[in-house]
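Visitor: For reference, the structure I am asking about is given below.
The values are calculated or read from the model by the stated rules, or taken from the named source; none is laboratory data. Everything numeric here is computed off the predicted structure, so don't read it as measured data. Backbone-built Cβ (ideal geometry, glycine too); neighbour counts: all protein chains shown.
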Amino acid sequence: MNESEQQRRAYLQAMDIDIWLPRVSPDIDDVPAVVDTDVTTAGIDWETLQQRVAECTRCELAQSRTQTVFGVGNRDADWLIIGEAPGAEEDRRGEPFVGRAGQLLDQMLQAIGQSREAVFIANILKCRPPNNRDPKPAEAAACREYLQQQIDVVRPKIILAVGRIAAQNLLDCSDPVGRMRGRAHALGDIPLVVTYHPAYLLRSPSQKKKAWSDLCLARRLAAESRP
Ligand code: SF4
């Protein structure tokens, strides 16, 4: 067994997945090159969008943030991962999904043949709510335009909504994750799958098999999505 196969088995084991399940080998050569000329539907280029987010004062979270967390990854990604909002560590480092939950998200991505570098990871909010409280509806509404512009540029084949807050905001509903996960949704013409937040999976590892099932559904929908 070569080193990458050993790694893959470790990722699957971290997800509590039996190693005989199907696998797809990640291939860094398959990652599309970054295109600098992409613009949003509003005609804004990616760098200008980043700058606007960095300087944004549209909601009260601008007062308490250390920095904005724009998102990370490949702007031409097939997969767009959307979480809730930056936590303390993300606020400090300026990157979404770091720490133990971020490591588990990385393992989840690796288990389906993706990686942090190949996907794009963003949040509903670009700034940290104090004390990690839930985003207020007005904050999510104020920030939504930035996320929509990111979706417009990335044009992913699949959106993975990670956790209750992300799913409820994207699908404009108040259902619990348990009712939203396990089936296909859509945001416009982009398929969307809901799954548990890795922070929740760390607290409830027995749910990892459901998360794996969600990831497999998302992988199938991405494969069936537009070329
Ligand atoms: S959360 Fe969004 S809308 Fe609010 S200040 Fe930050 S970037 Fe602006």
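Visitor: Any idea which residue in the range 152-174 is farthest from W212 (Cα to Cα), counting only those that are among the hydrophobic types (A, V, I, L, M, F, W, C) and surrounded by fewer than 23 Cβ atoms within 10 Å (Cβ to Cβ)?
Guide: The selected residue is V153.
Visitor: Got a sec? Which of Y146, Y196, Y200 is under 14 Å from the mean Cα position of the chain (by Cα) and within 15 Å of G83 (Cβ to Cβ)?
Guide: Y196
Visitor: Next up: Are any of the residues in the range 160-168 touching a residue at least 60 places away in the same chain (Cβ under 8 Å), away from the ligand (no atom under 16 Å from the Cβ) and in contact with a His (Cβ under 6 Å, 6 or more places away or on another chain)?
Guide: yes
Visitor: Identify the residue in the range 111-159 that is farther than 17 Å from T68 by Cβ and of a type in the set (D, E) and, among all such residues, is farthest from the ligand (Cβ to nearest atom).
Guide: For the range 111-159, the residue satisfying everything is E117.
Visitor: Suppose we keep only residues that are out of contact with any Leu (no Cβ under 8 Å at 6 or more places or on another chain) and at pLDDT 95 or above within the range 177-189. Which one would you say is surrounded by the most Cβ atoms within 10 Å (Cβ to Cβ)? If you could, list the steps in order and put the result at the bottom.
Guide: Start the filter on the range 177-189 by keeping residues that are out of contact with any Leu (no Cβ under 8 Å at 6 or more places or on another chain), which leaves 177-179, 181, 188-189.
Of the ones still in play, those that are also at pLDDT 95 or above are 177-179, 181.
On the way: V177: 23, G178: 12, R179: 12, R181: 21.
Restricting to residues being out of contact with any Leu (no Cβ under 8 Å at 6 or more places or on another chain) and at pLDDT 95 or above, the top hit is V177.
Visitor: Across the range 111-131, what is the total count of residues that are more than 24 Å from L187 (Cα to Cα), in contact with a helix residue (DSSP H, G or I) (Cβ under 7 Å, 6 or more places away or on another chain) and either at pLDDT below 95 or crowded, with 19+ Cβ neighbours inside 10 Å (or both)?
Guide: Summing the residues that are more than 24 Å from L187 (Cα to Cα), in contact with a helix residue (DSSP H, G or I) (Cβ under 7 Å, 6 or more places away or on another chain) and either at pLDDT below 95 or crowded, with 19+ Cβ neighbours inside 10 Å (or both) in the range 111-131 gives 3.
Visitor: When you scan the range 94-110, do you find a residue that is within 15 Å of the chain's Cα centre (by Cα), within 16 Å of the ligand (Cβ to nearest atom) and surrounded by 21 or more Cβ atoms within 10 Å (Cβ to Cβ), even just one?
Guide: Scanning the range 94-110 turns up at least one residue that is within 15 Å of the chain's Cα centre (by Cα), within 16 Å of the ligand (Cβ to nearest atom) and surrounded by 21 or more Cβ atoms within 10 Å (Cβ to Cβ).
Visitor: Ok, one more. Output the residues belonging to the range 65-92 that are more than 19 Å from R203 (Cβ to Cβ) and either among the small types (G, A, S) or more than 16 Å from the ligand (Cβ to nearest atom) (or both).
Guide: Correct list: G71, G73, N74, R75, D76, A77, D78, W79, L80, I81.
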